[in-house]
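Participant: There's a structure below that I have some questions on.
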Ligand code: HEM
């Protein structure tokens with residue numbers, strides 16, 4: 001079926017910062033990076049720098065021409081949303 005897209009806060013994103021469970025947010029969309037790690041032309045180490053956090057700036061700095069939407073659409077987890085205010 002159609003997978004459910006999650007609303008991911010920065011603190012939840014931060015929990016997914018490990019090689020076998022690595023998420024990042026790019027342009028407001030959250031992706032699971034783990035399946036792509038072995039295939040990244042820039043290497044796993046570089047890609048892991050954005051694990052668990054908003055990777056938009058670093059991604060745009062390194063290769064703004066790469067279409068992340070197209071590449072990682074299949075591993076989209078959801079959307080980055082603000083922390084709920086208490
Ligand atoms: C190269 C994808 C994140 C560093 C590439 C290339 C793709 C790609 C497709 C080849 C581009 C080309 O040859 O024109 C992605 C995706 C990312 C991501 C989908 C995130 C979801 C990052 C991050 C960094 C990084 C966060 C650095 C901190 C590099 C470097 C290269 C590269 C250095 C050049 C490798 C080389 O040609 O020797 N990446 N990347 N990437 N990426 Fe990434």
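Participant: Nearest 5 is fine: what % of DSSP beta bridges in the chain come out antiparallel, could you say?
Facilitator: Values: 9 of 13 bridges.
Once the DSSP bridges in the chain are tallied, antiparallel ones form about 70 percent.
Participant: Here is a follow-up. Which three extents, in whole angstrom, do the alpha-carbon atoms of the chain cover along their principal axes, largest first?
Facilitator: 40, 31, 25
Participant: Additional query: How do 86, 75, 64 rank when sorted from fewest to most other Cβ atoms within 10 Å of their own Cβ?
Facilitator: Placing the least packed residue first, the sequence is 86, 64, 75.
Participant: At 0.36 nm per residue, minus the direct Cα-Cα distance, what do residue 58 and residue 27 gain on full extension? Give it in nm, one decimal, please.
Facilitator: Between residue 58 and residue 27, full extension yields 10.0 nm more.
Participant: Tell me the label-point distance for the pair residue 2, residue 83, using the 7 Å Cα-to-Cβ offset, in nm and rounded to one decimal.
Facilitator: With each label point 7 Å from Cα toward Cβ, the separation is 3.3 nm.
Participant: Can you compute the helix-only [θ] at 222 nm over the chain? Use -39500 (n - 2.57) per DSSP H run of at least 4 residues, normalise by all residues, nearest 500 deg cm²/dmol.
Facilitator: Mean residue ellipticity, 222 nm, calculated: -6500 deg cm²/dmol.
Bear in mind these aren't lab numbers, they're just calculated from the coordinates by the rules spelled out. Given the structure is predicted, the values throughout are model-derived calculations rather than measurements. Heads up, the Cβs are rebuilt from the backbone with ideal geometry, glycines too, and the neighbour counts pull from every protein chain shown.
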